[in-house]
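The values are calculated or read from the model by the stated rules, or taken from the named source; none is laboratory data. What you see is a predicted model, and the numbers here were worked out from it, not measured in a lab. Here the Cβ is made from the backbone with ideal geometry for all residues, glycine too, and neighbour counts use every protein chain on show. Ligands, DNA and RNA are excluded from the accessible area calculation, which covers all protein heavy atoms including side chains. Shrake-Rupley method; radii C 1.70, N 1.55, O 1.52, S 1.80 Å.
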Amino acid sequence: MITIKSEREIELMRKAGMLVSEMHQFIKPYIKEGITTKELDKLCEDFILKNDAVPTCKGYEGYPATLCTSINDRVVHGIPDNTKLKNGDIITIDVVIGYHGYQGDAAWTYAVGEVDDNKKYLMKHTEEALYKGIKEVKPGAKIGDISSAVQNYAESHNLGVVRELCGHGIGREMHEDPEVPNFGIPNTGPRLKPGMVICIEPMLTFGHRDVALLDDDWTVITQDGSDAAHYEHTILVTEDGYEILTPRLDKEDI
Ligand code: MF3
Ligand code: CO
């Protein structure tokens, strides 16, 4: 069931989304060579708790941490541990924050120090693919319009579209209907209405799109070892388009 949020619910989701944005802004300066993903996780958990909010992933189906920290060929759900970031790595920080019962969810891929041109290309075009999807959001459009815009952009830039994972509705729960795949056909799927809130989150690879699951039962990696990037925003469908509930605070959303 796809829920339509009331004005009151939207206000709480704006607040949850803003905390997600603020947490990304808070952690960005710490993303440097030598810090461990566990240290990043602890800093973010403290930040969330100090803000009267909840790290929703922690304990979700047994997930042990606040953040998902996915380095290089890790696509999603990398569990924070004692791995130290190295110059030239890319790391995706993905977080879900609950505020008074409502969720916000956003992921960004960050460069650690100076990264090579292939990684820069992957990051730039994965981020762009997210905004291609977002620009399709308006009342009357369908989920397939978003999916195909993301897929077309990604594939025309020779990036692999991970198919095993997709975006989702969000509200009281971090995962609600509808599913928002990153591949699909225009004018198919559920129709968007004002008050719906969805997460759009392309996960793209520099090589082949096939993925595998590590023995920890969480970490998704690329099968061929190529790098992956992941950008995600929480998006409200408005009367005439969309509102990004997790706006970037370090630069303009495009
Ligand atoms: N941000 C992730 C998502 O969009 C959250 C998954 S976290 C975990 O779906 F709790 F499932 F680990
Ligand atoms: Co999500």
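Close amide H partners of residue 201, meaning residues 5 or more places away or on another chain with modelled amide H under 5 Å apart, are 167. Summary of the geometry: the range 116-185 and the range 55-103, compared by the centres of their Cα atoms, lie 20 Å apart. The phi torsions of the range 83-100, fed into the Karplus equation with coefficients 6.51, -1.76 and 1.60 and a -60° offset, translate into couplings of 5, 8, 5, 10, 3, x, 6, 10, 9, 8, 9, 10, 9, 10, 10, x, 10, 6 Hz, rounded to whole numbers, with Gly and Pro shown as x. A quarter of the convex hull surface defined by the alpha-carbon atoms of the range 1-80 gives 6.8 nm² as the mean projection.
Quick check: from the Cα gyration tensor, does the chain come out rounded (a/c under 1.5), prolate or oblate? It is oblate, given that a/c is not under 1.5 and a/b is not larger than b/c.
Could you work out what % of the accessible surface of the range 7-244 is carbon and sulfur, using a 1.4 angstrom probe and leaving DNA, RNA and ligands out of the count? Exposed carbon and sulfur together represent 49 percent of the surface.
Solvent exposure of the chain amounts to 43 Å² per residue of accessible area, where only protein heavy atoms count and the probe is 1.4 Å. Surface listing: 56, 83 arranged by accessible area from highest to lowest gives 83, 56, probe 1.4 Å. The listed residues 222, 238 rank as 238, 222 when sorted by accessible area, largest first, using a 1.4 Å probe.
In this view, the solvent-accessible surface of residue 123, computed with a 1.4 Å probe and all protein chains in place, comes to about 30 Å². With a Förster radius of 22 Å applied to the beta-carbon distance between residue 250 and residue 50, the computed FRET efficiency rounds to 0.60. In terms of the mean number of neighbouring beta-carbon atoms within 10 Å, the peptides 67-74, 243-250, 209-216 order highest first as 67-74, 243-250, 209-216. For the chain, adding -39500 (n - 2.57) for each run of n ≥ 4 DSSP H residues and dividing by the number of residues yields -9000 deg cm²/dmol at 222 nm.
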